[in-house]
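Nothing in this text is a laboratory measurement; each read-out follows from the coordinates by a stated rule. Here the structure is a predicted model, which is why all the values come from computation and not from measurement. For neighbour counting, all protein chains shown are included, and Cβ atoms are generated from backbone atoms with ideal geometry for every residue, glycine included.
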Amino acid sequence: MSTSTRLAGVAAFLLAVFVLVPWAIAASGRWDFYYTLTSVALLSIASAGVWLTFYIGRINIGQGAYALVGGYVSAILMTKAGFSFWLTLPLAGLFCAGLSVLIGLPILRLRGVYFAMVTLVLTEVARLSALALPVTNGAKGITSIPLPGEVSLFGLTLIPDFATLANPKLAFYLVAALLMVLCFAALYRIVNSRLGHLCRSLQQNEELSASIGVNTAYLRVLAYSISSFFGGIAGAMFVAISQSIYPSSFQVADSVNFMLNCFLGGLGYVFGPMLGTLLLYFGWDLLFTTGRFQLLIYSSLLIVLMLVLPNGILSLLDRKGGRR
Amino acid sequence: MTPILEVKGVTKRFGGLTANDDISFDVAEGEILSVIGPNGAGKSTLFKLIASFLKTTSGEVRFKGRVISDLAPHKVARMGVVRTFQETTIFRSMTVRENVIVAHHLRSKASLLGFFLGTRQARADEAEFGASADDIIAFLGLQPIAEELASNLPQGHLRALSMAIGLATDPKVLLLDEPFAGMNHDETMRMVALVRRLRDERGVTVLLVEHDMPAVMKISDRIVVINFGQKIAEGTPAEIQANEKVIEAYLGSEDAAIGI
């Protein structure tokens, strides 16, 4: 793809996300779609993190843990320490990144199904810790979290107080979409810089990677902490929207979904997790009318999709246009 | 002159099995030295110990007088002791050129953050890696397949590619693990010439483990023979061919193989 078509694609995408979607929702009056699309944007950020761990050759079924931790960090800082939400957002991400370094150092030595198993347990550990720790207020969770406040610089209001807004749903949607765009831009840059090439070398052959001088342990931890950073900010953002968090806010099922989003979209494509999240989220909702068959049809469809398109939906592009 | 690589009393035990037992030898700079021995003699283990992929049970390996056997493998690679692999390990889903470029990692001056942000140093590095990769690809005669996916390559080209990866790290000492395995006579002779040129034109000291006796005899300045984890002989190809212990180790049908 040439630079100009790529730029045109990005421009079309930004136009669709920031102009067309709000316009279509205003025209149709389906305000509930804001909540759905905001969720998709945030879930795709968490999935993007999972995708990055796939990129270094690790199956990560533990992103729910970091989303939960990120959510609690943001909630606790806001309610107990009176921090502004906008400050807790990066702090939640950084806390998760730091935590993942401590967890990653021992467990990233594991490969394949062993790493996957340990990460699966992480989500459950996070839930149980949230139940047990005094600071998280146990099963009652943390509620009545204030909406994001105002941010001003030199008397100029950059972001208005969400509580005074007539339509906070739109505001949340725009913030979530902006976060998503930033995260995927960063991911795209990582993958297409030397850092990404080294990650790929790690995915394909760790021993050879070490023998060409790559500090494999460091690189693994680095990729995992970026991944967890994404999980943390997605979790924190969810808390701001729902104004509450409970130990059950992110569960094993969510961790599994983050992974499925990546599979479905395509592990070889940076924008795979975004597309996968959109399709899975809407696919599940569309099947709602089938009642008790919902899960059966949904799971069967997933199995068929993985059999027919093992490299994800975006691999259809490759077959037609032969591009990567 | 001090040798570039010193192997001193290296021993490696796996539980009750002694894979390498008190092995010592020196490698001079610019030398081509082969390590031979029957299957299971401990040659590959010795290579892993030299490149620090395994930790020695006792003994040490020195590079330019400095102990390297207690360093992490990527640090040893950074100092210039680089190992290629017995299995034709390459990065399978990258093209030949991508393989060689990514292998330039050791030479990068910019940080990973620098590469992420695309700083001037990072862009300079990328340009330099590209040029150097093309240079290496030309040196090994791989231009026609430079844009080919590595997983599509036949055996002979894979071997050349793994050598290209080794070269990209700008090694002082290159450890080649069975570079001629699975090759026919013509391919082997071409590879022998290539290894020679590596040494002559790029000044790389080469250590190789090999089964192909005619090739070993042709290529080596000196040979170290290992059997049951112990060094049983060391010398020039002519000396090795006349050594009784070596003949004994290669009893019977294999006598012909070492040209006796």
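What to note about this one:
- Taking the three principal axes of the alpha carbon atoms in segment A:31-250, the coordinate ranges are 58, 39, 34 Å, sorted in descending order.
- Long-range amide H partners of residue B:232 with built H, under 5 Å: B:225, B:226, B:227
- Mean-square fluctuations from a GNM of chain A, with a 10 angstrom spring cutoff on Cα atoms, peak among A:40, A:304, A:270 at A:304.
- Span from the segment B:136-198 Cα centroid across to the segment A:72-136 one, whole angstrom: 46
- Toward the positive end of the charge dipole of chain A, with +1 on the Cβ of Lys and Arg and -1 on the Cβ of Asp and Glu, the farthest Cα among A:34, A:69, A:178 is that of A:178.
- Principal-axis tilt of helix B:155-168 within chain B, Cα atoms, nearest 10 degrees: 70
- Simple rule: put +1 on each Lys or Arg Cβ and -1 on each Asp or Glu Cβ in segment B:40-136, find the dipole, and look at B:41, B:124, B:113; the Cα lying farthest toward the positive end is B:41.
- Taken about its Cα centre, segment B:93-168 carries a charge dipole of roughly 220 debye when the Cβ of each Lys and Arg holds +1 and the Cβ of each Asp and Glu holds -1.
- Viscosity 1.002 mPa s, 20 °C: Kirkwood-radius Stokes-Einstein D of segment B:93-168 over Cα pairs, µm²/s: 169
- Total charge dipole magnitude, chain A, about the Cα centre, Cβ charges on Lys, Arg, Asp, Glu only, Debye to nearest 20: 580
- GNM top mover of A:110, A:89, A:208 - chain A, alpha-carbon springs below 10 Å: A:208
- Two-decimal Rg/Rh across segment A:1-54, once Rg and the Kirkwood Rh are taken from alpha-carbon atoms: 1.10
- Between 0 and 90°, nearest 10: helix B:120-139 axis offset from chain B longest Cα axis: 50
- Dipole-positive endmost among A:155, A:101, B:27 within the protein assembly as shown (Cβ charges, Cα centre): A:155
- Beta bridges per DSSP with both ends in the protein assembly as shown, % antiparallel, nearest 5: 60
- Using alpha-carbon coordinates, inclination of helix B:185-202 to the longest axis of chain B, degrees: 70
- Taking the DSSP bridge list for chain B and keeping only pairs wholly inside it, about 55 percent are antiparallel.
- Modelled FRET efficiency - R0 45 Å, residue A:304 with residue A:23, Cβ distances, 0.05 increments: 0.80
- Size of charge dipole - the protein assembly as shown - debye, nearest 20, with Cβ of Lys, Arg +1 and Asp, Glu -1, no other charges: 1500
- Number of partner chain Cβ atoms within 10 Å, mean per residue of B:72-79: 5
- Per-residue HN-Hα couplings for segment A:230-244 [Karplus 6.51, -1.76, 1.60; θ = phi - 60°; Hz; x = Gly/Pro]: 4, x, x, 6, 4, x, 4, 5, 4, 4, 4, 6, 7, 6, 7
- In segment A:1-148, the alpha-carbon atoms span a convex hull of 169 Å³ per residue.
- Residue-wise HN-Hα couplings along segment A:90-106, as the Karplus relation 6.51 cos²θ - 1.76 cosθ + 1.60 with θ = phi - 60° gives them from phi, are x, 4, 4, x, 5, 4, 5, 4, x, 4, 5, 5, 4, 6, x, 3, x Hz; Gly and Pro carry x.
- With 10 Å bins from 0: P(r) over chain B, alpha-carbon pairs, percent: 7, 29, 34, 21, 7, 1, 0
- Between residue A:297 and residue A:13, the FRET efficiency from the beta-carbon distance, with R0 = 45 Å, is close to 0.90.
- Expected 222 nm ellipticity per residue - DSSP helices of 4 or more, -39500 (n - 2.57), all of the protein assembly as shown, to 500: -18000 deg cm²/dmol
- Based on C-alpha pairs under 8 angstrom that are at least 6 apart in sequence, segment B:93-168 has a relative contact order of 49 percent.
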